[in-house]
Amino acid sequence: MLLALMTDLHANREALEACLAHAQQQGVSQYAFLGDLVGYGADPGWVVQTVMEYTERGAQVVMGNHDAGLFQEERQGMNPVARQVVEWTRSQLSQTQLDFLRALPYRVELDEVLLVHANAWAPDKWEYIDGVMEAMRSMHACKAQITFCGHVHAPTLYHMTMTGKTGEFLPTPENSIPLSRQRRWLAIPGSVGQPRDGNPAACYASFDTETQELTFFRVPYDHDSAAQKVLAAGLPATLANRLLTGN
């Protein structure tokens, strides 16, 4: 089975449409959405509804901090821009869509795979995996051979040997990486809706559950239109600029 891993969609319809179309061309048969369906972008209703439809066909979805922020008064860890967008986003969603987001789990386990948004040690606290030490902490906190998570908006792959030695790898798009069963792995596909590594192209990854091969992708999309829609919605201009620059 070829599993697509998409995270940090951030209400970006153009980016999600491009990634879903690309995944279909790759022969993907199953999908996992790793949180932050909303926040920052101008199309939260369309994005949430689309993910709901994929869920009805068997897709897995976990809660992200921007999704949870819709229902938390304190909105821990959110900057003022993010809090502003949360208020706007809530007004754009139907009650059915809000109920769907509210019910999302913080983690999903699939055989030897763990799906979370931020990390495995405290998936509801939204601490970042910024480097090898945090990746090691996350892998030690679970039994899964492979952890897929989001929250960090740049593609990264971490690996840990049987003796605990942990390393970091920056993947090259479209080059499949065999994930040896002799190691533990933590993969961050990068953001569909708001990349932050200097490349505005959308990110996602696919995992072949039979061959244990992981492939990262960059998918160009109409980020100009997505940015213009952010401005037209009255959202902060910094969010539109991020889509244009990938920073």
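The values are calculated or read from the model by the stated rules, or taken from the named source; none is laboratory data. Remember, it's a predicted structure, so these values are computed and weren't measured experimentally. Note that we place each Cβ from the backbone using ideal geometry, even for glycine, and neighbour counts take in every protein chain shown. Each accessible area value is taken on the protein alone, full model and side chains, heavy atoms only, with ligands, DNA and RNA left out. Shrake-Rupley method; radii C 1.70, N 1.55, O 1.52, S 1.80 Å.
Taking the stated definitions as given, is Pro171 in contact (Cβ under 8 Å) with a residue 24 or more places away in the chain, open to solvent by 20 Å² or more (accessible area, probe 1.4 Å), in contact with a helix residue (DSSP H, G or I) (Cβ under 9 Å, 6 or more places away or on another chain) and not hydrophobic (A, V, I, L, M, F, W, C)?
Judged against the criteria, Pro171 is not a match.
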**Study point:** Some residue of the stretch 49-64 being at pLDDT below 95 and touching a Ser or Thr at 6+ places or on another chain (Cβ under 8 Å)
**Key:** no
**Study point:** Residue that is farthest from His151 (Cα to Cα), among those in the stretch 185-224 that are buried (at least 22 other Cβ atoms within 10 Å of the Cβ) and of a type in the set (Gly, Ala, Ser)
**Key:** Ser206
Revision key, fill the gap. A careful count of residues in the stretch 94-115 that are of a type outside the set (Gly, Ala, Ser) and under 26 Å from Met139 (Cα atoms) gives 12
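Conditions tested, residue by residue: (1) at pLDDT 95 or above; (2) part of a loop (DSSP other than H, G, I, E, B); (3) closer than 25 Å to Ala42 by Cβ.
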site	(1), (2), (3)
Trp185	yes, no, no
Pro200	yes, yes, yes
Phe207	yes, no, no
Phe216	yes, no, no
Asp224	yes, no, yes
Ala227	yes, no, yes
Val230	yes, no, yes
Leu239	yes, no, yes
Arg242	yes, no, yes
Practice item. Check the stretch 133-156 and report whether any residue there is among the acidic types (Asp, Glu) and closer than 26 Å to Pro220 by Cβ. Key: no
Revision key, fill the gap. Residue hits (the stretch 27-49; farther than 22 Å from Leu110 by Cα and either open to solvent by 10 Å² or more (accessible area, probe 1.4 Å) or part of a loop (DSSP other than H, G, I, E, B) (or both)) are Val38, Gly39, Tyr40, Gly41, Ala42, Asp43, Gly45, Trp46, Gln49
Practice item. Return a yes/no flag: does the stretch 208-229 have any residue that is closer than 16 Å to Ala11 by Cα and of a type in the set (Val, Ile, Thr). Key: no
Review point. Which one of these does Gln24 not meet: (1) at negative phi; (2) touching a Ser or Thr at 6+ places or on another chain (Cβ under 9 Å); (3) modelled with pLDDT of 95 or more?
Key: (2)
Check your understanding: Gln30 passes all but one of (1) under 18 Å from the mean Cα position of the chain (by Cα); (2) within 24 Å of Arg196 (Cβ to Cβ); which number fails?
Key -> (2)
Exercise for review: Could you pull out the residue among Val62, Val81, Val48, Val28 that is among the β-branched types (Val, Ile, Thr) and in contact with a helix residue (DSSP H, G or I) (Cβ under 6 Å, 6 or more places away or on another chain)?
Suggested key: Val48
